């Protein structure tokens, strides 16, 4: 063989060998990275209010792909996209932009440096530590009490009216905002219109002290002083918790501290408790719903303070059949509302079949009002207010009361419509007719009159008619338009009106 050929072969063989060695090193590096990335991790994140929350990762690398789960606020969510390349990790949870969470990371020694982007909260950044599957396991299930009927607390003789922080502020609510809402409730005329409760939803909680007493976080420096301030305005104040170990936002729940927390709320001077199922489903079974809520119902009664009890369990377990038995003054019948026509419509028009379960002191709750938050038209908001009032639903505003437009005020403070909601007879509404998108519903009132709602769920205006005979009325009737605030001409047999798309005509009829 010629020397040139020998040199070429040696050079070529050497390059192949070097390439092979490099490839093995890269594969070994990737395998090493993957083996290091795999497993359970926990990242402690400061919320900025004096509390921390934990985000857990179970990472399952396979080649350059990564699967597994991420626990956000103690709820496991499947990784929908995941990759590892060299020492770089990228995972995604959620497919829709509004709930998409991304995490990017890299190994730093024996810890994993992560940057997490949330769509609805500040980004988190830090070094995650290794942990075990037991870290995300729920606490041991506590025994539930034997069922019995909780004594009626005598409260909420008409559906509660007020304001709740969640729809507008979510986790950004603080002491100053609550005080501002109390001021605005008085100054705007809402108090005079019947609105009473100023309710703090999730994210007020701090840690428990050495004795197990719940404390508030830095956003709420003095819960008793806040209650005193709201009371000084002639209003009442509400608070929020969960029967689970964490609330929906991952704050401290009342699990194992029910009696202790009830005493704390009473000592602070609170008048209303919203009790949200949330992480209780990590501990309890669906069959435990009634005794778990009964436990807090008993605890609230034992404090001796009048506290309205609001059950938030999303309609699970046919709560309308037993909510009153556990001391509930109101109970959620649906999932969460949102500020859209579709969301409000789907919730509201599903309530007719269970309307008969509402009674004095105990009300079906299709969730809070979105009026004034900007996602619907004025006609749609009038439908929202009319429907909730016909249903005798709690009227809990969810907007910023400090910046209401005149139009929003006119909807929320229509005293003629509010009077329907607050009618002392609590006679249930009934659906009179439904023809496609056109729905007629009616409710008798304590004074012998009947309120009729003509709802157009369609996308174009429509002429709608209701006959007096369908309402059990005979002869000439007087008719008052409750949104126009005017008397209409008497009619002998029926009433007809043009109803705008997604709108309502609400009339009060007397013989």
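The values are calculated or read from the model by the stated rules, or taken from the named source; none is laboratory data. Quick caveat: nothing in here was measured; it's all calculated off a predicted structure. Glycine also receives a Cβ, built like all others from the backbone with ideal geometry; neighbour counts cover every protein chain displayed.
Of 417, 479, 439, 451, all but one fail to be outside any loop (DSSP other than H, G, I, E, B), touching a residue at least 12 places away in the same chain (Cβ under 8 Å) and out of contact with any strand residue (DSSP E or B) (no Cβ under 6 Å at 6 or more places or on another chain); the exception is 417.
When residue 303 is tested against (1) more than 21 Å from the chain's Cα centre (by Cα); (2) within 21 Å of residue 55 (Cα to Cα), exactly one condition is not met: (2).
Scanning segment 457-470 turns up at least one residue that is within 26 Å of residue 358 (Cβ to Cβ), in contact with a helix residue (DSSP H, G or I) (Cβ under 9 Å, 6 or more places away or on another chain) and surrounded by 13 or more Cβ atoms within 10 Å (Cβ to Cβ). If residue 289 satisfies every condition in (1) closer than 24 Å to residue 161 by Cα; (2) within 21 Å of the chain's Cα centre (by Cα); (3) not in a loop (DSSP other than H, G, I, E, B) but one, which is the exception? Of the numbered conditions (1) closer than 24 Å to residue 161 by Cα; (2) within 21 Å of the chain's Cα centre (by Cα); (3) not in a loop (DSSP other than H, G, I, E, B), the odd one out for residue 289 is (1).
One residue stands out in segment 493-511 among those that are touching a helix residue (DSSP H, G or I) at 6+ places or on another chain (Cβ under 8 Å) and part of a loop (DSSP other than H, G, I, E, B): the one that is surrounded by the fewest Cβ atoms within 10 Å (Cβ to Cβ), namely 493. The residue that is surrounded by the fewest Cβ atoms within 10 Å (Cβ to Cβ), among those in segment 424-436 that are in contact with a helix residue (DSSP H, G or I) (Cβ under 9 Å, 6 or more places away or on another chain) and not in a strand (DSSP E or B), is 428. Residues in segment 57-74 that are modelled with pLDDT under 95 and under 16 Å from residue 116 (Cα atoms): 71, 72, 73, 74. Only one entry of 87, 99, 104 meets the criterion of being over 20 Å from residue 45 (Cα atoms) and without any contact (Cβ under 8 Å) to a residue 60 or more places away in the chain, and that entry is 87. Within segment 133-169, if we keep just the residues that are more than 28 Å from residue 326 (Cα to Cα) and at pLDDT below 95, the residue that is surrounded by the most Cβ atoms within 10 Å (Cβ to Cβ) turns out to be 136.
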